[in-house]
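First the structure, in the form of structure tokens, and then the observations on it.
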């Protein structure tokens with residue numbers, strides 16, 4: 001099964017959230033074909049969460065883009081530092097910034 005291009009997945013995610021009335025933007029563009037996608041979730045209360053791609057072993061057979069919660073409701077600097085660290089290692093990284101009071105950005109999460 002072919003996976004969806006990173007740029008198309010990101011644009012669809014941003015559009016869906018903006019249509020729902022959530023502020024959502026692409027904060028960093030990466031490789032359009034196969035760049036990894038990080039989602040930075042601002043809870044609008046001074047905390048942020050970070051979702052990163054799940055390891056391949058935790059995904060189901062033939063699964064598409066699956067995420068894991070890397071940080072949950074931490075100080076914003078911790079999330080920024082992790083993104084900067086990853087961007088230094090992987091310049092093809094995409095970062096989506098989403099403002100959402102809840103905890104569910106509507107993505108598939110890896111099974112624990």
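Just so you know, all these numbers are worked out from the coordinates, no wet-lab data involved. These numbers were taken from a predicted model, which means no experiment stands behind them. As a convention, Cβ positions derive from the backbone with ideal geometry for all residues, glycine included, and neighbour counts pool all protein chains shown.
Numbers at a glance
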| item | result |
| --- | --- |
| Value of relative contact order over the stretch 1-98, rounded to a whole percent, pairs C-alpha under 8 Å and six or more apart | 38 |
| Bridge type composition, the stretch 17-112 - antiparallel percent by DSSP, nearest 5 | 65 |
| Nearest-ten-degree value, helix 6-19 long axis tilted from longest Cα axis of the chain | 40 |
| Cut-off 19 Å (backbone N to label point 7 Å along Cα→Cβ of residue 45), residues of the stretch 92-110 | 98-106 |
| Relative contact order, percent, the stretch 1-57 [alpha-carbon distance under 8 Å, six or more residues apart] | 28 |
| Rounded tilt (10° steps) of 76-89 against the dominant C-alpha axis of the chain | 30 |
| Calculated [θ] (222 nm, deg cm²/dmol) that DSSP helices of n ≥ 4 give over the chain, each run adding -39,500 (n - 2.57) | -8000 deg cm²/dmol |
| Equivalent ellipsoid semi-axes, the chain, via Cα gyration tensor eigenvalues times 5, rooted, Å | 20, 16, 15 |
